[in-house]
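Single-structure report; data block below.
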Amino acid sequence: MIKRIILAFTAFAATAAPAFAHLNPQEHGSFMAGLSHPLFGLDHILVMVAVGLWAAQIGGKALWGVPLAFVTTMAIGFGLALAGIGLPFVEPAILASVVALGLLVAMAVKLDTVMSAAIVAVFALFHGHAHGGELGSAGAFQFGVGFVVATALLHIAGIGLGLGIARLSGGALAARIIGGLTALAGLVLAFG
């Protein structure tokens, strides 16, 4: 079963679009554009699912607290960008988030909920800023709601994956392997 999970994850990662989720700002501005936006970049998918998977590994209050911290802080980063407040190293921080969150899952790091939420919040700020920085002001609210919903759904997918894998024999190992593959994909995106 673990081999099937790894094969499915690898096939999914291989068929996903490269990290070019940041589309032409002229095409943004609708709820549907925001909803579909996170689904067009491997970096977005990997991070959002990893957040949910890590939350499932930690369990307890982290199961919902960690993804909620990500979504909330991502919305704050979005607002900062719309307000014209810049952040340095946005794209490198996004790529670092893929590697870091993959490693946290691979090593099955279990921190308390507050610390885990703080870690994902730092990365979320940059993800949200990237969304807002490329958008401009046209349709910002509708787009923002769409990408928040899509992000939450990807987190839920990660939680479901984590909880589903945990029920399998060898599931903890499978989750760690997925985390390692996520970190590796982040390195490929960064240096490939």
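The values are calculated or read from the model by the stated rules, or taken from the named source; none is laboratory data. For clarity, every value in this text was computed on a predicted model and none was experimentally measured. Here the Cβ positions follow ideal geometry from the backbone for every residue, glycine too, while neighbour counts run over all protein chains shown.
Things worth noting here:
- Restricting A50, A69, A118 to those that are among the hydrophobic types (A, V, I, L, M, F, W, C) and surrounded by fewer than 20 Cβ atoms within 10 Å (Cβ to Cβ) reduces the list to A118.
- Set side by side, the residues T73, T113 differ, and just one is among the hydroxyl-bearing types (S, T, Y) and under 15 Å from I58 (Cβ atoms), which is T113.
- Test: T182 is more than 14 Å from the chain's Cα centre (by Cα), at pLDDT 95 or above, at negative phi and of a type in the set (S, T, N, Q): no
- Any hit, the stretch 15-22, residues being within 17 Å of A190 (Cα to Cα), in a loop (DSSP other than H, G, I, E, B) and modelled with pLDDT of 85 or more: no
- Qualifying residue in the stretch 105-120 (condition: closer than 15 Å to A175 by Cα, outside any loop (DSSP other than H, G, I, E, B) and out of contact with any strand residue (DSSP E or B) (no Cβ under 7 Å at 6 or more places or on another chain)): yes
- Against the conditions (1) surrounded by fewer than 15 Cβ atoms within 10 Å (Cβ to Cβ); (2) farther than 24 Å from F40 by Cβ, L163 satisfies every one except (1).
- Qualifying positions in the stretch 26-39 - buried (at least 17 other Cβ atoms within 10 Å of the Cβ) and under 14 Å from L153 (Cα atoms): G34, L35, H37, P38
- Among the residues listed as L39, L95, L87, the single one being farther than 28 Å from A106 by Cα and in contact (Cβ under 8 Å) with a residue 40 or more places away in the chain: L87
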